[in-house]
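The values are calculated or read from the model by the stated rules, or taken from the named source; none is laboratory data. Only a predicted model underlies this, so the values are computations on that prediction, with no experimental measurement involved. Every residue, glycine as well, gets a Cβ built from its backbone with ideal geometry; the counts of neighbours run over all protein chains shown. Just so you know, the surface numbers come from the protein's heavy atoms only, side chains and all, with ligands and any DNA or RNA stripped out. Shrake-Rupley method; radii C 1.70, N 1.55, O 1.52, S 1.80 Å.
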Protein chains: 4
Amino acid sequence: MILNLDLASEVPLYQQLRDRIVEAIAEGVLTEGSPLPPIRALAADFGINFHTVNKAYDLLRQQGLIRLNRKTGAVVTSTVADSPFREDWTARARTLLAEAVARGLPADEVLTTCDSLLASFRTSHSGDTP
Amino acid sequence: MILNLDLASEVPLYQQLRDRIVEAIAEGVLTEGSPLPPIRALAADFGINFHTVNKAYDLLRQQGLIRLNRKTGAVVTSTVADSPFREDWTARARTLLAEAVARGLPADEVLTTCDSLLASFRTSHSGDTP
Amino acid sequence: MILNLDLASEVPLYQQLRDRIVEAIAEGVLTEGSPLPPIRALAADFGINFHTVNKAYDLLRQQGLIRLNRKTGAVVTSTVADSPFREDWTARARTLLAEAVARGLPADEVLTTCDSLLASFRTSHSGDTP
Amino acid sequence: MILNLDLASEVPLYQQLRDRIVEAIAEGVLTEGSPLPPIRALAADFGINFHTVNKAYDLLRQQGLIRLNRKTGAVVTSTVADSPFREDWTARARTLLAEAVARGLPADEVLTTCDSLLASFRTSHSGDTP
DNA sequence: GTGGTCTAGACCACT
DNA sequence: GTGGTCTAGACCACG
């Protein structure tokens, strides 16, 4: 698993880390039961504070995407999207899509982009379980 | 134009305000040349400080969505999405879509949701001039 | 004389107008004694308020670049840069050049750009009086 | 780092502050990674409100010259001039140079002044690490 | 102890 | 009557 962090970005490191891991899960690179690297190891890899990694893992735990355990470390869990999540997500998607439309992107181009992005997830995912 | 702000939200007020206005533009409720309410008037409507509204308007100005003018007030401008915006937007969309997939939402359902949201923009927009 | 105004720009119209006229003088398109278009005619050309043009002309008058007269209209005057102007200009140049350097432009490239811009003025100017 | 602000100037304080910091970066007084004074400390130094300093810092952040962080405070970042900046800067340089020429400054004197100003940046910069 | 947000209220420039 | 600037002071989030 290769994660790209941008140290110069405006986005907080823990947020980037969470985002990259979420993307890895969506892509199927990480599946249910997959172990995540130990916090300290990952922190050492990036040369960042382990508290930062800890915070990212904690965010993922709160969202039910991983389980933290002293023995097993952090492992990916399977989740079902509950209703509150759907509502929240749809509201955020609404804002993001609105931004694209307001900035002049044609709706069909936006939808095509979404489709491509989703396809990139599906492809990598389906490849794992033939 | 009715804008919903959540005073108890984690999201800063000025951010919410910006988001609601972006959505209004996407919906076609606000079109090129549409005047936005004066800063102080809008602040009074919501019972918030005019500096907060000012910050939201300033964000919109930075993104080229509105123009601020002492004479004419704030008016919506037409914009064309430039290349940096497209890249940035796609990256953000990627993260958002990944979150949905990682949380267990089927890709086709996600795409349907996006389509519906985009359609809701199109509908309101085209509905203005039958 | 063709002046390009950007109605969508952040820069005030009267400022743009002043800038374009200053550039025309530097280029030699307008020389000492050249008449400027009547305020109302210029305003009509651009479809802007004549007060805006008036303000631009007034700025130019304050800086000694033109003379306003009921009979002759606005005519370009020859000026010699006085000491206060030199100081003020140098300070502004310092800030502008600093911005280029701070943003990573190499000093020699910046100087070359300045040279090219100045050459473009010289060329047009010298062509008028062979 | 000594910054000169003119409280009586037409130029907004936050703008002056931004300009002085940009100059300090160009001079090499501030280099990549250099910490800027905390907003409130700088405000106290000048006897101005911290919101004013905040606005100056925010401008610098928007232009990619500094990074703001709750942990590390404000630090100078290295930037590469992108194409839009180059165009914008050249347009502004054109106007500024035109003003000098229109006011009667000989082109070669103008160029010499630019050269001197740029040299003053280079000198201070290279002089730090002999 | 840092920057970020929000409130409150002043005066100014422009028109 | 508009947005723009500046001051003053509060509380919060982050680390």
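On the basis of being within 8 Å of DNA strand F (Cβ to nearest atom), among the small types (Gly, Ala, Ser) and farther than 13 Å from C:Ala100 by Cβ, does D:Gly64 make the cut?
The answer is no for D:Gly64.
So which residues in the range A:52-86 are surrounded by 10 or more Cβ atoms within 10 Å (Cβ to Cβ) and charged (D, E, K, R)?
A:Lys55, A:Asp58, A:Arg61, A:Arg67, A:Asp82, A:Arg86
When you look at C:Leu17, is it at pLDDT 85 or above, within 26 Å of B:Leu68 (Cα to Cα) and under 12 Å from the mean Cα position of the chain (by Cα), yes or no?
Criteria met by C:Leu17.
Test D:Ala24 against the stated conditions and say whether it is without any contact (Cβ under 8 Å) to a residue 24 or more places away in the chain and crowded, with 16+ Cβ neighbours inside 10 Å.
yes
Taking the range B:27-41, which residues are more than 13 Å from B:Ile66 (Cα to Cα) and away from DNA strand F (no atom under 13 Å from the Cβ)?
Scanning the range B:27-41 gives B:Glu27, B:Gly28, B:Val29.
Which of the residues that make up the range A:63-108 are assigned to a helix (DSSP H, G or I) and more than 7 Å from chain B (Cβ to nearest Cβ)?
Answer for the range A:63-108, where residues must be assigned to a helix (DSSP H, G or I) and more than 7 Å from chain B (Cβ to nearest Cβ): A:Ser83, A:Pro84, A:Arg86, A:Glu87, A:Asp88, A:Ala91, A:Asp108.
Taking into account only those residues within the range D:1-14 that are away from chain C (no Cβ under 11 Å) and more than 10 Å from DNA strand F (Cβ to nearest atom), which is least open to solvent (accessible area, probe 1.4 Å)?
Out of the qualifying residues, it is D:Leu3.
Given the structure, is B:Gly104 assigned by TED's automatic domain parsing to the domain that holds B:Phe121 and either surrounded by fewer than 18 Cβ atoms within 10 Å (Cβ to Cβ) or modelled with pLDDT of 95 or more (or both)?
Spelling it out, B:Gly104 is indeed assigned by TED's automatic domain parsing to the domain that holds B:Phe121 and either surrounded by fewer than 18 Cβ atoms within 10 Å (Cβ to Cβ) or modelled with pLDDT of 95 or more (or both).
Can you find even one residue in the range C:121-129 that is modelled with pLDDT of 85 or more and open to solvent by 30 Å² or more (accessible area, probe 1.4 Å)?
No, every residue in the range C:121-129 fails to be modelled with pLDDT of 85 or more and open to solvent by 30 Å² or more (accessible area, probe 1.4 Å).
Given A:Leu17, A:Leu60, A:Leu42, A:Leu30, which one is within 11 Å of chain B (Cβ to nearest Cβ) and assigned to a helix (DSSP H, G or I)?
Exactly one of A:Leu17, A:Leu60, A:Leu42, A:Leu30 is within 11 Å of chain B (Cβ to nearest Cβ) and assigned to a helix (DSSP H, G or I), namely A:Leu60.
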